[in-house]
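Below is one structure, written out as structure tokens; the observations come after it.
The values are calculated or read from the model by the stated rules, or taken from the named source; none is laboratory data. Just so it is clear, the model here is predicted, and its values are computed rather than measured. Counting neighbours? That spans all protein chains shown, and the Cβs are built from the backbone with ideal geometry, glycine included. These area figures cover heavy atoms from the full protein model, side chains too; ligands, DNA and RNA do not enter into them. Shrake-Rupley method; radii C 1.70, N 1.55, O 1.52, S 1.80 Å.
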Amino acid sequence: MKSQSEFVRVIMINFLNDIRNAENPISNNRKLINTIAILFLGIALGTFSKYLDFRQTELPGVLMAINGVLDIGNFLGRFAIWILIALCISIYSNSAIRASINVFVFFVGMVASYYLYSNYIAGFFPRSYAMICFGFTAVSPVLSFVCWYARGKSKLALILSALILAVLFNMCFVYGCWYFNAKSVLEVIVFIIGLIVLRRDKLRSSVLMGTISIVLAVLLDM
């Protein structure tokens, strides 16, 4: 029984390695530093997001002007930017396991700081929204593990990249039979960065990925 399970494990490892291999091994100290930095990034962004939401009428002049033009507060309250950040953390981690750890730590820091600020400074706790965020944080290691392989070179990696882009497309744009609109300029930038991060080595493959992503986006929207 043990030999059979070991055989399955070896097959699975080989299958995943054919999609993308772990790159640029780093020391344990560097791994710890990177993870702590990502945790503090999550804490800082979660706190800043809630600060913008809670203190909109008390922001410094320049920040208020920028927020008024770009509507940063509402932008940070939607999912697209957080999915993009998680995607970048995942893609640029040096292994799928490290991607899982780093993305999970980021969301723990972001969600914890956001709702601690909400509860203890803003004075309210939106339980239903919090449960959604807690649930997403719980599954983020699995999703980021899978996303890490999107930068591989196989056909499966290309399809995975297209699926991620399809999700981003539906988060950034609103469309139907006779209309197409971006939710904001910032969402357009998010989608463009997503395209750049997931681009393929050959232009033909990148165009194919983009085409498949639009088809998948429409199917998902339906």
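Here are a few things to note about the model shown:
- Compactness index (Cα Rg / 2.2 N^0.38 Å), the chain: 1.13
- The long axis of helix 61-70 is offset from the longest Cα principal axis of the chain by roughly 60 degrees.
- Taken per residue, the accessible surface of the chain reaches 59 Å², heavy atoms only and a 1.4 Å probe.
- Accessible-area composition of the chain, carbon plus sulfur, in percent [1.4 Å probe]: 70 percent
- Principal-axis analysis of the Cα atoms of the chain puts helix 127-148 at an angle of about 30° to the longest axis.
- Here's the list of aspartates and glutamates a cross-link from K153 could span, going by alpha-carbon distance under 15 Å and ignoring same-chain residues fewer than 8 apart: D18, E23, D201.
- For the listed peptides 149-161, 122-134, 196-208, a ranking on the average number of other beta carbons within 10 Å per residue, highest first, reads 149-161, 196-208, 122-134.
- Cα gyration tensor shape of the range 58-186, rounded if a/c is under 1.5, else prolate or oblate by comparing a/b with b/c: oblate
- The chain: angle of helix 155-172 to the longest principal axis, Cα-based, in degrees nearest 10: 10 degrees
- Shape call, the range 171-222: gyration tensor on alpha carbons, a/c limit 1.5: oblate
- Across the options S95, Y179, F107, the greatest Cα extent toward the positive end of the charge dipole of the range 76-187 (unit charges at beta carbon of Lys, Arg, Asp, Glu) belongs to S95.
- As computed over the range 73-133, the Cα convex hull volume per residue (Å³): 84 Å³
- MRE, 222 nm, helices only [DSSP H, n ≥ 4, -39500 (n - 2.57), over the chain, to nearest 500]: -25000 deg cm²/dmol
- Inter-part distance, the range 201-222 to the range 148-173, computed on C-alpha centroids, equals 8 Å.
- Dipole magnitude (debye, nearest 20) for the chain, charges at Cβ of Lys, Arg, Asp, Glu: 600 debye
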